[in-house]
Amino acid sequence: MGSTTPPPPSSFPDKTSPSLVLAHPTDHERRLTWSLTHAQWGPALTHDGYVRREAYMTTVPLAKDGGITHWILTDGSLPPDARPIYSSCETLRKRAVRTTTGTAGDLVDGIAHGVGSVFTDPRFRGRGYAGRMMREVGERLRGWQAGGEKEVLCSVLYSDIGKAFYARSGWAAFASRHVAFRPAAGWVAGRNGCEDGGARTIGYHELAELCSVDEKLLRREMAERGRQGRTCVALVPDLDQLLWHLMREDYMTKHIFGRTPPVKGAVFGEPGRRVWAVWTRGYYGGLESREGNTLHVLRVVMEDEGQPDEYLARGFREIVRIAQAEATEWLSQDLQLWNPSPKLATAIKESGLDCEFVDRDTESIASLMLYGESETTDVDWVANEKYGWC
């Protein structure tokens, strides 16, 4: 049924055919796409475990109540559950903010759509179907789920096939740099504070307050950039955005290790001067191989960038040492932090930690399509960090 019995190659429609339509899959068709993508994105789980994860991820806060939308490119002349699925993807609705033109520093709140899980069944590849789908998805997202005072500000995706393919459909490639650290065992930090003022671990219960502070700081930075005449856009690093990653991590670790990690990040210093990071663990190798297992720093925040460089470097160093120990315990091959700000890059370099700055050319290329009057290539993507990935 459906894409399990494709038509013979001689009857495949041309990529420009009017019979091709962008549609939403039925529950059955959606599970078919999950089944097909298991080998590529879910090797750390069994087939059934992976399909259950994908279903579970439609229920987490960011995705529920219409937050996630599934799309397929198919034959519009055939009925649901009896039509081929040439290509598929999904989009996640996220909160976003953009500067306005002028000097007041006002901000526009709106929606961003994160595009993920772009996939073409190997039987249908080489015919341009993914490109057709993405061009239609990009245009459809301009007004998707907008309403009232909420407009769609942009859409984002993270390309694993270089910079050119998605650029042809309207998503411009942005900075895709990361800093890589090696796991290291032996570092111990108090969970509820340290007498010497060192870093403390973060669990779920600290995240709401930290996200609230983070959003206020981000808005202040955006407003200042707007007053300077910059066109900027950012995905809001709110609690639902972080929980999407952390609940996904919990599902994975529960199935791989039989337990979930209590440490979700670390914080250094007192309110007003804090430095903190939140991270997640991603698994493609599972227990069989550490290759593909990475501890990703989702977001790094420095509440006061005017603090002395020595203070910021110390805070960052202590946080990373906790992350390195966590990476070791949870079988991560490496630890990555995406696109550090200039101030954070200085703290990294002065921290004394062994690390490598890497410019990515093919994998996880951060790409953005701006909607509105401004050109995408003229916009600053603020806080272009891992938390926005989907």
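The values are calculated or read from the model by the stated rules, or taken from the named source; none is laboratory data. Nothing here was measured: the structure is a model prediction, and the numbers come from that model. Neighbour counts are summed over all protein chains in view; Cβ atoms, including those assigned to glycine, are modelled from backbone coordinates with ideal geometry. Each accessible area value is taken on the protein alone, full model and side chains, heavy atoms only, with ligands, DNA and RNA left out. Shrake-Rupley method; radii C 1.70, N 1.55, O 1.52, S 1.80 Å.
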Of the residues in segment 69-80, those that are surrounded by 18 or more Cβ atoms within 10 Å (Cβ to Cβ) and either assigned to a loop (DSSP other than H, G, I, E, B) or touching an Asp or Glu at 6+ places or on another chain (Cβ under 6 Å) (or both) come to 70
Quick check on my filter: what residues within segment 251-272 are open to solvent by less than 30 Å² (accessible area, probe 1.4 Å) and among the charged types (D, E, K, R)? 264
Conditions (1) surrounded by fewer than 24 Cβ atoms within 10 Å (Cβ to Cβ); (2) over 20 Å from residue 58 (Cα atoms); (3) within 25 Å of the chain's Cα centre (by Cα): number failed by residue 118: (2)
Quick check: is even one residue across segment 186-199 of a type in the set (A, V, I, L, M, F, W, C), at pLDDT 95 or above, out of contact with any Ser or Thr (no Cβ under 9 Å at 6 or more places or on another chain) and in a strand (DSSP E or B)? no
In the set 22, 45, 36, 62, which member is assigned to a helix (DSSP H, G or I) and aliphatic (A, V, I, L, M)? 36
With the structure loaded, tell me whether residue 102 is in contact with a strand residue (DSSP E or B) (Cβ under 8 Å, 6 or more places away or on another chain), on the phi > 0 side of the Ramachandran plot and modelled with pLDDT under 95 or whether it fails that test. no
Within segment 222-235, can one find any residue that is polar (S, T, N, Q) and over 16 Å from residue 295 (Cβ atoms)? yes
Of the residues in segment 321-343, those that are under 20 Å from residue 382 (Cβ atoms), more than 20 Å from the chain's Cα centre (by Cα) and not charged (D, E, K, R) come to 342
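Do we find a residue being free of Cβ contacts under 8 Å to residues at least 60 places away in the same chain and more than 17 Å from residue 385 (Cα to Cα) anywhere in segment 317-325? Break it down into steps so the answer makes sense when it comes.
Quick first cut of segment 317-325, residues free of Cβ contacts under 8 Å to residues at least 60 places away in the same chain only: 317.
Still in the list and also more than 17 Å from residue 385 (Cα to Cα): 317.
Yes, because at least one residue in segment 317-325 is free of Cβ contacts under 8 Å to residues at least 60 places away in the same chain and more than 17 Å from residue 385 (Cα to Cα).
Looking for whichever is part of a strand (DSSP E or B) and either surrounded by 15 or more Cβ atoms within 10 Å (Cβ to Cβ) or hydrophobic (A, V, I, L, M, F, W, C) (or both) here; the options are 52, 30, 95, 83. Which one fits?
When all the criteria are applied, what remains is 95.
Do you know which of the residues in segment 133-189 that are aromatic (Phe, Trp, Tyr) and over 16 Å from the mean Cα position of the chain (by Cα) is surrounded by the most Cβ atoms within 10 Å (Cβ to Cβ)?
Checked segment 133-189; the qualifying residue surrounded by the most Cβ atoms within 10 Å (Cβ to Cβ) is 166.
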Could you check how many residues of segment 253-284 are in contact with a Leu (Cβ under 7 Å, 6 or more places away or on another chain) and either over 17 Å from residue 301 (Cβ atoms) or of a type in the set (Phe, Trp, Tyr) (or both)? 5
